[in-house]
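Input: a single structure, listed below in structure tokens.
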Amino acid sequence: MSELNVVSISKAQIPAEPFIARHLIDGDWRSSTDGAVFERVSPSHGTVVTRACKGGTADVDAAVFAARQAFDKGRWSRTSGKDRATFLLKIADLIDRERDRIAFLETLESGKPISQARAEIEGASDIWRYAASLARTQHGESYNSLGSDMLGLVLKEPVGVVSIITPWNFPFLIVSQKVPFALAAGCTAVIKPSEMTPATTVVLGELCLEAGLPAGVVNIVLGYGDPVGAAMTADKRVDMVTFTGSTGVGKAIVKAASGTLKKVSLELGGKNPQVIFPDADLESAVDAVVFGVYFNAGECCNSGSRIIVHEDIAEDFLARTVTLSRQVPFGDPLDPSTKVGAIITPEHQKKIDKYVRDAAKSGADVRLGGGPLAVPGLTGHFYQPTVVSGVRSDMPIAREEVFGPVLSVLTFKTLEEAIELVNDAEYGLSAGVWSENVHTCLEFARRAHAGTVWTNTWMDGFAELPFGGVKESGQGRELGKYGLEEFLEAKTVTMRIGRTRAPWVDPRAA
Ligand code: NDP
């Protein structure tokens, strides 16, 4: 493996004792009703890094009760936008203060590089600040045009109690794409992080308490999708579920939520294409492709795992991509120079490997990687940077979320063909185009079936800009003004001014 850039074990110390994670219910840290616990082993270092309470339906029941009470008693829902903004800003400051601790826990549990984790925590506090600005500036509508005797108001009200279910790939960032917007709207919440990455959500709970958030406004139940996530979805006292994770579980959530017709917002997978035209700035495009596919070890809903490159430049582009891929530092996530860390579980690593092997069996060409990566000094699971060319659009590697550092390369001849390939997908999360011709970029942006289109860049995100997918990539939006709207209901208030209404039945006429 000497031709790859492998970072061996760093000098950073793994804590001698695991992080202890408990449920946060009604302002108290609690053990599970039945005393059950589970452990998280670091995917890169092979040691137990977290010991967490394993929740059951009784714990969900208590958390939902607390959130319902807090909402109905108006402890949060009736506070002013100014007060909500003050809390959100305070929490953002506390996140900044705890940045290194949160990033370290995130790296231990997820295997992601420490430098990346720090940047994510900084991004998260920025989102909390942005949501604070929305808490103060949100408003409804007034209609002064309904006639001299009528006035119409549209009030924006919080949806109510929200169940927030998050995955393991960006635990702190994703919870921060949901909770501050729910709080800005005036909702109360029950949160369940992935059982693989509970620690940083627990730290967020600590910070909410330190900021003085009233008891019951934010509750956390740790444990598995079944029974915790399922109970949080089906409970009739919950008004909305917001979920990020796999499309399969997203569909199960829609079914479970249909029993009470609660609102559902879903952030699901993607098989995100980047199309490279011959007139593109190829150096920038190669760098963005390499970043897009290896960032977070490819365990990313926005992974740019499918590139569609013009045939005239395909061989050159592929050669440059392979050369740059070899230079990406893979290895110990605790080393600040590492760009790609461990794969979340050994089972997931096997799943990634199977996609590559099956593609090779179906005639695709593995140009780089295609197997586990040995990192000197570490017992965890790592996967080689992998580039697969000669991929056809009917192969699973071209259609499904591999969720690993694996790039599929397809080719095209015309813009029409490229757009057909882009849209020939069950997913529609994001898409990218590389060309120096603004007309090509705009035509692509308008015709690609995707929630986000990047032109001459990849994966730039801002708190101001909404994020979400079409087709099987989800429903609803996070971030931006739209991210707040998800947590609001519209209430119409129609007011008559004076006694001007003609009677429906006139007793004098009878
Ligand atoms: P899941 O979709 O299973 O997990 C996401 C969250 O949902 C976790 O907190 C999980 O709990 C919870 N959950 C699981 N089942 C239910 C249920 N029936 N009701 C409510 N909540 C539930 O993702 P995985 O972790 O299993 O990953 C599998 C695949 O999903 C990946 O290989 C990848 O393709 C995709 N994925 C996509 C993500 C994205 O950002 N779009 C993020 C993560 C995964 P727990 O896991 O603790 O049991």
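The values are calculated or read from the model by the stated rules, or taken from the named source; none is laboratory data. Predicted model only: the values in this text are computed from it and were never measured. As a convention, Cβ positions derive from the backbone with ideal geometry for all residues, glycine included, and neighbour counts pool all protein chains shown. For accessibility, only protein heavy atoms count, side chains too; no ligands or nucleic acids. Shrake-Rupley method; radii C 1.70, N 1.55, O 1.52, S 1.80 Å.
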If you roll a 1.4 Å probe over segment 200-292 with all protein chains in place, what percent of the accessible area is carbon or sulfur? 59 percent
Could you give the accessible area per residue of the chain, probe 1.4 Å, as a whole number in Å²? 41 Å²
Amide hydrogen neighbours beyond the local backbone of Val37, cut-off 5 Å, H modeled: Lys54
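Restricting to DSSP loop positions (anything but H, G, I, E, B) with no more than 16 other Cβ atoms inside 10 Å of their own Cβ, which trypsin sites (Lys or Arg not before Pro) remain in segment 348-417?
Arg392, Lys413
Report the charge-dipole magnitude of segment 1-91 in Debye, nearest 20, computed about the Cα centre from +1 at each Lys and Arg Cβ and -1 at each Asp and Glu Cβ.
460 debye
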Straight-line reach from Lys11: which lysines fall under 19 Å, measuring Cα to Cα and dropping same-chain residues less than 8 apart? Lys112, Lys339
Relative contact order (%) - criterion: Cα under 8 Å, at least six apart; region: segment 367-510: 14 percent
Answer check: the chain, Cα atoms, Kirkwood Rh, Rg/Rh ratio of 1.03
Expressed in nm², what is the orientationally averaged projection area of the convex hull enclosing the Cα positions of segment 15-108? 7.6 nm²
Determine the calculated [θ] at 222 nm for the chain from helices alone, applying -39500 (n - 2.57) to every DSSP H run no shorter than 4 residues and normalising by the residue count; nearest 500 deg cm²/dmol. -11500 deg cm²/dmol
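Given an 8 Å cut-off on Cα distances and at least 6 residues of separation, report the relative contact order of the chain as a percent.
Computed value for the chain: 19 percent relative contact order.
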Expected vector for segment 472-485, Karplus 3J(HN,Hα) from phi with 6.51, -1.76, 1.60 and θ = phi - 60°, integer Hz, x for Gly and Pro, equals 7, 8, x, 9, x, 9, 10, 6, x, 5, 5, x, 6, 4
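Which entries of Lys54/Lys192; Lys351/Lys413; Lys192/Lys354 show an alpha-carbon separation above 22 angstrom in the structure shown?
Over 22 Å apart, Cα to Cα: Lys351/Lys413; Lys192/Lys354.
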When the accessible area of segment 1-132 is split by element with a 1.4 Å probe, what percent falls to carbon and sulfur? 50 percent
Per residue, what volume in Å³ does the convex hull of the Cα atoms of segment 101-142 enclose? 76 Å³
Using a 1.4 angstrom probe on the protein heavy atoms only, could you order His139, His381 from most to least accessible area? His139, His381
Can you list the residues, at least 5 places off or on another chain, whose amide H is less than 5 Å from the amide H of Tyr383, using H built in the peptide plane? Ile343, Leu373
Which loop chymotrypsin sites (Phe, Trp or Tyr not before Pro) in segment 392-489, with loop taken from DSSP, have no more than 16 other Cβ atoms within 10 angstrom of their Cβ? Phe462
Let me check against my output: what whole-number percent is the relative contact order of segment 116-269, with C-alpha pairs under 8 Å and at least 6 apart? 21 percent
